[in-house]
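See below for the structure under consideration.
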């Protein structure tokens, strides 16, 4: 990809998509939000699915250190993380050498970023991982973020919407928009809110 010709005069606003795992990745659950954003001229940034499983494994360590988890659970979690990172070593090395792409974040770093804003003991649903991913995106220059959630998802209300004020306080200029999805969600309403997000981006 480093050898592809670029249109130097074409700059697209980068929009991150985070949230509950189903609506974040499944097009039918999120009304094809990636296609909608791209059709409106945005570059969409979505976290790696593998990171979610690393988050689940890292939680075994957090449970041991902060809650009532056992040592064997922490050991299994550490072994799983080490196994996955062993397989990701090649792509991480290639992306680190790229001029246009960066390597995926290490789960320990995501946890460290999240811990600045909330306790890692927040593990229900996406827990601290959601906040960590938003901070990670912001630090990588993706300051426009859509936070997706199923309608009435309480864990996401806490670790998603509940952290917006804190993130806006710590990172002035960040633009975060919550989007709730349920079977009755109007595609027109979703599209209008996305247009509002992109309009705010273009005004900067």
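Using only Cα atoms, tell me the angle between helix 49-66 and the longest principal axis of the chain; keep it within 0 to 90° and round to the nearest 10. The angle comes out at about 40 degrees. Take the Cα of residue 161, step 7 Å toward its Cβ, do the same at residue 28, and the gap between the two points is 2.7 nm. Beta bridges from DSSP with both residues in the chain: antiparallel share about 0 percent, rounded to the nearest 5. As a length-normalised measure over Cα pairs under 8 Å and 6 or more apart, the relative contact order of the range 6-154 settles at 33 percent. Once both labels are positioned 7 Å from their Cα atoms along Cα-to-Cβ, the gap between residue 21 and residue 96 label points is 2.8 nm. Neighbour counts of C-beta atoms inside 10 Å place 2, 9, 48, 180 in the sequence 9, 2, 48, 180, starting with the fewest. Relative contact order for the range 51-119: 26 percent, from Cα pairs under 8 Å spaced at least 6 residues apart, divided by residue count.
Against the chain, whose longest principal axis is taken from its Cα atoms, helix 71-96 shows a tilt of about 40°. Sorting the segments 130-136, 189-195 by their residues' average number of neighbouring beta-carbon atoms within 10 angstrom, most packed first, yields 130-136, 189-195.
Pair-distance distribution of the chain: all C-alpha pairs, bin width 10 Å, starting at 0; shares per bin in whole percent are 8, 32, 35, 20, 5, 0.
The modelled label-to-label distance between residue 195 and residue 182, using points 7 Å beyond Cα along the C-beta direction, is 2.5 nm. Above 16 Å, the calculated P(r) of the range 1-80 contains 66 percent of its Cα-Cα pairs.
Here the range 114-204 yields Rg over Rh of 0.98, to two decimals, using C-alpha coordinates and the Kirkwood radius. Helix 187-203 and the longest principal axis of the Cα set of the chain meet at an angle near 80°.
None of the figures in this text is laboratory data; all of them are computed from the coordinates on show. None of the values given here were measured: they were computed from a predicted structure. Positions of Cβ are generated from backbone atoms using ideal geometry, with glycine treated the same way; all protein chains shown enter the neighbour counts.
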